[in-house]
Amino acid sequence: MDPRQVALRSALSAAGQGHLNDALDRVEGDARTRLSTQLADLDLPLLAEMRRCLATPAQAPQKADFAPPEIFPAKSEAVRRGEEELRAGHVAWLLVAGGQASRLGLEAPKGTFPVGPVTDRSLYEIFARKLRGASARYGAAIPWYVMTSQANDAATREFFERHAHFGLDPADVTFFTQGMLPALDPEGRILLAAPDQVFLAPNGHGGVLSALAESGALADARRRGIRTFSYFQVDNPLARPADPLFLGLHALERAQMSSKVVQKRDAAEKVGVLGRVGGKLSCIEYSDLPAELREARHPAGHLLYGAGNVAMHALDLAFVEELTRGGLALPWHLARKEVAALDERGHTVKRAGIKFEAFVFDALGFAERSVTLEVDRAVEFSPVKNARGEDSPATARADLCRLFGSWVEAAGLPLPPAGADGIRPVEVDPLLADDKETFLAKAPRAPHVSARGHLYA
């Protein structure tokens with residue numbers, strides 16, 4: 001037998017994965033080569049850590065462990081400082097975009113989904129135009145780091161190339177892929193998806209940090225003089241990654257990681273909230289917060305634990321380097337699901353599977369300094385997650401129209417008539433403005449009128 005095969009089989013047995021040697025015996029030729037290559041690429045020390053997580057499940061915190069977060073007030077000097085950081089070229093955008101739009105009826109990367117209420121611009125184009133507008137306003141290039149997945153990386157790159165990177169310099173747009181981890185069975189054994197294929201699953205949005213480091217993107221950002229990553233997710237067209245107030249607060253406080261939050265709609269809204277657990281700032285999952293705390297209110301009436309997490313953060317570059325030196329420092333979360341995998345005889349069956357994910361908000365627990373800024377949901381948060389109902393393309397387009405309509409009305413400019421749904425179809429090009437104040441200063445005298453509605457550009 002090839003000495004490399006002997007070494008591989010010995011390493012698998014020592015790691016408690018002897019069943020994979022049986023899997024190697026069941027395949028031949030190219031199939032054995034493919035499986036051997038995947039098994040040789042396994043990070044066995046990380047696998048041992050994953051198995052330890054199975055053996056020592058995390059204990060649920062007690063009610064006394066919870067405390068609400070400190071919400072930072074807006075400061076005028078913060079806006080000036082944020083503008084300075086943007087003009088100096090110290091800010092890069094970090095976008096998590098590994099998902100597909102299958103739930104929305106489109107077999108393509110979610111970032112390609114059209115949400116512009118008048119133009120049908122895709123999420124990617126909206127963000128690209130926001131970036132171009134910010135670069136023009138502050139006179140500095142803003143690098144854009146986009147984390148894709150193995151499933152959508154090629155399609156995402158092709159989409160950007162087909163649209164000439166939406167007017168951006170391709171040298172300033174860096175794609176890198178999310179890491180994958182093997183799924184385990186309840187006994188800690190690696191599952192197989194096919195006779196020659198390990199069952200791999202994405203390692204969670206926290207994997208963006210390790211992927212930044214492993215891909216070379218983190219080193220590239222340091223070479224460019226970046227100090228802060230403005231992190232956001234692809235499904236929120238209202239995200240403002242170049243917000244000078246938020247970036248300025250983060251810089252003034254010398255924070256390592258900062259967060260934007262919105263007030264929950266009500267106590268029953270199933271979103272994580274920022275708060276302290278055992279003295280450490282973290283995102284508290286809805287299911288982990290005791291019912292009496294979910295309902296608790298301030299004397300003024302708003303929820304005590306109402307700081308809804310919207311996945312918008314500022315991350316200090318040196319902090320990311322610290323968290324990824326020698327491997328990702330974040331804890332693993334276990335997702336137990338029934339999956340289609342091979343059994344001991346090599347047949348595909350439904351089996352109990354465990355996937356491992358890291359969450360980016362867990363980095364808050366490692367930060368010595370942090371800013372939490374509450375923003376208006378109507379201005380900054382309207383995700384596209386579901387095909388219909390709440391957080392759908394329809395609600396996102398309606399929220400965009402309402403926001404843009406409020407700017408247009410404040411400027412005393414024409415609005416289109418409302419449709420049957422009561423929504424006035426209006427859109428503002430992010431190249432023109434990404435906030436009300438900029439729009440009021442730069443608004444054109446008249447919109448471009450089309451059958452779809454009014455476009456201000």
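The values are calculated or read from the model by the stated rules, or taken from the named source; none is laboratory data. Keep in mind that this is a model prediction, so the values were computed, not measured. Here the Cβ positions follow ideal geometry from the backbone for every residue, glycine too, while neighbour counts run over all protein chains shown. For the accessible areas, the whole protein counts, side chains as well, though only heavy atoms, and no ligand, DNA or RNA atoms are used. Shrake-Rupley method; radii C 1.70, N 1.55, O 1.52, S 1.80 Å.
In the calculated pair-distance distribution of segment 117-225, the portion above 17 angstrom amounts to 65 percent of the Cα-Cα pairs. Could you give the angle, 0 to 90 degrees to the nearest 10, between helix 153-162's Cα long axis and the longest principal axis of the Cα atoms of the chain? Here the helix axis deviates by roughly 40 degrees. Applying the criteria of a DSSP loop state and at most 16 other Cβ atoms within 10 Å to the GluC sites (Glu not before Pro) of segment 286-349 yields Glu344. Taking all protein chains as present, what is the carbon and sulfur share of the accessible area of the chain, in % to the nearest whole number, probe 1.4 Å? Solvent-exposed carbon and sulfur of the chain make up 50 percent of the total.
Pairs of alpha carbons in segment 1-91 separated by more than 22 Å make up 60% of all such pairs. Name the shape class, rounded, prolate or oblate, that the alpha-carbon gyration tensor gives for segment 248-381, where a ≥ b ≥ c are the square roots of its eigenvalues, rounded holds for a/c under 1.5, and otherwise prolate holds if a/b is larger than b/c and oblate otherwise. Cα axes put segment 248-381 in the oblate bin. Between the C-alpha center of segment 79-144 and that of segment 214-262 there is a gap of 13 Å. Per-residue ellipticity at 222 nm computed for the chain from its helices equals -9500 deg cm²/dmol, with DSSP H segments shorter than 4 residues left out and the rest contributing -39,500 (n - 2.57).
For the peptides 240-246, 171-177, the ranking by packing is 240-246, 171-177, with the highest mean count of neighbouring Cβ atoms within 10 Å listed first.
Of the peptides 192-202, 446-456, the ranking by mean beta-carbon count within 10 Å, highest at the top, reads 192-202, 446-456. Taking only the C-alpha atoms of segment 167-296, Rg followed by Dmax gives 19.2, 55 Å.
Highest mean first, the peptides 397-403, 183-189 sorted by other C-beta atoms within 10 Å per residue fall in the order 397-403, 183-189. Summing Lys and Arg as +1 and Asp and Glu as -1 over all other residues whose Cβ lies under 10 Å from the Cβ of Gly18 gives a net charge of +1. Given a 1.4 Å probe, how much area per residue of segment 144-288 is accessible, in Å²? Ligands and nucleic acids excluded, the figure is 36 Å² per residue.
In the frame of its principal axes, segment 1-153 has Cα extents of 68, 48, 35 Å, reported largest first. Heavy atoms of the protein chains alone define the surface here; on that basis segment 321-424 has 50 Å² accessible area per residue at 1.4 Å probe size. Of the residues Lys75, Lys264, the one with the largest accessible area comes first in the ranking Lys75, Lys264, computed with a 1.4 Å probe on protein heavy atoms. Three semi-axes describe the equivalent ellipsoid of segment 344-457; taken as square roots of 5 times the Cα gyration tensor eigenvalues and ordered largest first, they are 41, 23, 12 Å.
Rounded to two decimal places and with Rh computed the Kirkwood way over Cα pairs, what is Rg over Rh for the chain? Reported Rg/Rh (Cα atoms, Kirkwood Rh): 1.00.
Computed from Cα atoms, the angle from the helix 44-55 axis to the main principal axis of the chain rounds to 80 degrees.
The residues neighbouring Pro114, those whose beta-carbon lies less than 10 Å from its own, together hold a net charge of 0 under the Lys/Arg +1, Asp/Glu -1 convention.
Per the Debye formula with a single identical scatterer at each Cα and no solvent contribution, what log10 I(q)/I(0) holds for segment 269-335 at q = 0.11, 0.16 Å⁻¹? Results for segment 269-335 at q = 0.11, 0.16 Å⁻¹ read -0.37, -0.71.
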